[in-house]
Amino acid sequence: MIAAVEDQAIRLPQREIEALVGSVLLNTVGRALGSLVLMKSKLVPKEAVLPRSGYVMHYLEREAVLEDVDDGTHDASNRPTLLFFHGITGKADDFAQFVSSLDIDPRVRILVPEQIGHGRDVERAKNDPESFEHPTHERMLETTCEFLDVVRAGNNCNAFGISMGGAVCYYVHRARPDAIQRSILVSPAILACVDRDLLDGIRDGTNRFLRPENREDIKMLFRDLSTGRDNDGRKKRDPVPKFLLESIYRASKKAAPEGYNKAMLASLLRDGGSADQFSAVTDVDPGSRRLVIWPEKDRIISYEQGKRFFEVSTTEEGGFVSKSANTQFETVPDCGHVFHADGKGIFEIIRARVREYILTFD
């Protein structure tokens, strides 16, 4: 008993030191670097008023550099445009580094919308929690489709989405084939593909995914985002240094109102029933042209469930083929939802393949 009290007395100051150092790195150095990356990407924060939806959508845009003179009569409907859709609890700024690394031709327009309840829209939940409604698949589809019209995205768009953003991309592509010609889905969080063990843990409270109660929950979250927890005899590299865990935990408590992420998860994991397109167990959009990339050790959005959804089989050569004729299915070995076993991030791993596929326009 005495030893436990003494150990606690030693650890508390250590946590405060970790929080102080981590806070400096995250809030000072991290924000400064983030601002520099955003400037380099040439993405500019904007707002779009969506009259039908009664919503103001925040987004980032890099306008295209036009070679001809636009006198107001120039038809921009066929101008190459890229769309990027972020993951759950993400924001448009998360794509700044990735966009820069793709070295996209300046003649291509880039749009990065923030979904309802994410990024700058979280301020609505803080300022007016009584009237705030959490995002649903239906609402995200509705507002994103209207966004394409309001900003005049045109009919020559290619799109990229990861995790929740992959699901948004999947359904928007289905709803707007007039606008989106091809898409890349990375571990798309389609309901039928969300890992069943994770779902069970979220629903019974044994897994505090995105709603941490302590530093240990943050450590487990990052392991879940990598190749798994492996608590006994773990030899793999943790994606985040231990001294940052306390500051990340404290920052997470300030990022959104108490109970916000739990309510958002409940809203997004709602099963609409077998007649609902969002509850389909196999591909409801087999005609769309797309590349699906799946980390083989994804603990968040299941690789095996993803193969079943897109009805993927293995070829004699060891490749993959989907029953959806226009779907290319590729995997990333020894990689989790966000991090490889060696700590490398998914964006770095897939960058070359993404660039090759997404910059091909009609």
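Numerical summary
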quantity: Cα-based helix-to-principal-axis angle, 30-41 vs the chain, degrees rounded to 10; calculated: 10
quantity: Antiparallel content of DSSP bridges confined to region 246-351, in %, to 5; calculated: 45
quantity: Neighbour cut-off at most 14 other Cβ (10 Å), DSSP loop, GluC sites (Glu not before Pro), region 144-224; calculated: 213
quantity: Pairwise FRET efficiency - residue 78 versus residue 325, Cβ, R0 = 30 Å, nearest 0.05; calculated: 0.75
quantity: Burial ordering of 327, 206, 282, fewest other beta-carbon atoms within 10 Å first; calculated: 206, 282, 327
quantity: Length-normalised contact order for region 90-238 - Cα pairs under 8 Å, 6+ apart - percent; calculated: 13
quantity: Residues 138, 123 arranged by fewest to most Cβ contacts within 10 Å; calculated: 123, 138
quantity: Local electrostatic count, residue 333, Cβ distance below 13 Å [Lys/Arg +1, Asp/Glu -1]; calculated: -3
quantity: Segment residue 361-residue 150, length gained on full extension (0.36 nm per residue, minus Cα span); calculated: 73.8 nm
quantity: FRET efficiency, 1/(1 + (r/R0)^6) with R0 25 Å, evaluated for residue 36 and residue 126 via beta carbons; calculated: 0.35
quantity: For residue 292, residues with placed amide H under 5 Å, excluding near neighbours; calculated: 185, 328, 329, 330
quantity: J(HN,Hα) series, region 177-190, from Karplus relation 6.51 cos²θ - 1.76 cosθ + 1.60, nearest Hz, glycine and proline x; calculated: x, 5, 9, 9, 8, 8, 9, 10, 10, 10, 6, x, 7, 5
quantity: Cα→Cβ-extended label distance, 7 Å offset, between residue 317 and residue 255, nm; calculated: 4.1
quantity: Neighbour cut-off at most 14 other Cβ (10 Å), DSSP loop, trypsin sites (Lys or Arg not before Pro), region 261-359; calculated: 323, 344
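Readers should treat all values here as calculations from the given coordinates under stated rules, not as data from a laboratory. Nothing here was measured: the structure is a model prediction, and the numbers come from that model. With ideal geometry, Cβ positions are generated from the backbone for all residues, glycine too; neighbour counts draw on all protein chains shown.
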